[in-house]
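Have a look at the structure below before the remarks.
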Amino acid sequence: MAALIEAIGIKRKMYFEFEEAPYHCLDVEISKPTARGGQTLVRIKMRNLLTRAVFDKTFKAGDKFREPDLDVIAATYLYRDGDGFHFMDQTTFDTLTLADDTLGDEGLLLSDNVLVQIQRFNSRPIGIQLPPIVELSVTATEPGVRGDTASGGVTKPATLETGLEIRVPLFIREGEKVKVHTETKEFAGRA
């Protein structure tokens, strides 16, 4: 049987099972009582890994959760078609397909041959873990205009090869490769 985790023991980036679904803890806030006899409460900002919904919920410190039956497979992104996103398992070399709605906007961060971790819950693929930074090509952006930099830190919109739109510095041109933070979807430098 899987070990039980108390609510007070849940830390940021941990996984736990609540109401028969796997959750990922995004943030934790513990409030200790000021009066005698008060209960310690744990407020957890969590993401449902099946629906991708994010919400806050408050639990008592002693509430217990099961560890989810999650496993992770190393895979390489191959391509996208009408069926969804196709990946190759790095150990068995099988092709795995994830539907568009399973990945959501994370699909905008995938380029050819990116190594990802596919999460499975009860042996069913439910999502991916991207590397911290991915490299994508800029397909469209306006040229920077001389004199726009007086205030410093000036950015312009850029469309990347996957359709993702981000803000980039003025010196970035079409055709250049840029690094993008996968968590914040922000510019991280030239590639």
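Taking the Cα centre of the chain as origin, work out the dipole magnitude from +1 charges on Lys and Arg Cβ and -1 charges on Asp and Glu Cβ, in debye rounded to 20.
Working: 24 positive and 29 negative charges, 211 e Å.
My answer is approximately 1020 debye.
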Self-check item: Of G84, L103, F65, farthest towards positive along the dipole that unit charges on Lys, Arg, Asp, Glu beta carbons give segment 25-182
Solution: F65
Quiz prompt | Summed residue charge, Cβ within 13 Å of A188's Cβ, Lys/Arg positive, Asp/Glu negative | solution = +2
Quiz item: So what's the back-of-envelope 222 nm ellipticity for the chain, counting only DSSP H runs of four-plus at -39500 (n - 2.57) apiece and dividing by all residues, rounded to 500?
Solution: -500 deg cm²/dmol
Self-check item: Ordering of 23-32, 39-48 by burial proxy (mean other Cβ atoms within 10 Å per residue, highest first)
Solution: 39-48, 23-32
Practice problem: May I ask for log10 I(q)/I(0) of the chain at q = 0.16 Å⁻¹, from a Debye sum over the Cα atoms as equal point scatterers with solvent left out? | Solution: -1.02
Practice problem: Tell me the Kirkwood hydrodynamic radius of segment 70-129 in angstroms, computed as one over the mean inverse distance between distinct C-alpha pairs. | Solution: 11.3 Å
Quiz item: How big is the Kirkwood radius of segment 1-72, worked out from every pair of different alpha carbons and given in Å to one decimal?
Solution: 12.6 Å
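Laboratory data are not the source of any read-out in this text; all were calculated from the coordinates shown. Keep in mind it's a predicted model, so treat the numbers as computed, not measured. With ideal geometry, Cβ positions are generated from the backbone for all residues, glycine too; neighbour counts draw on all protein chains shown.
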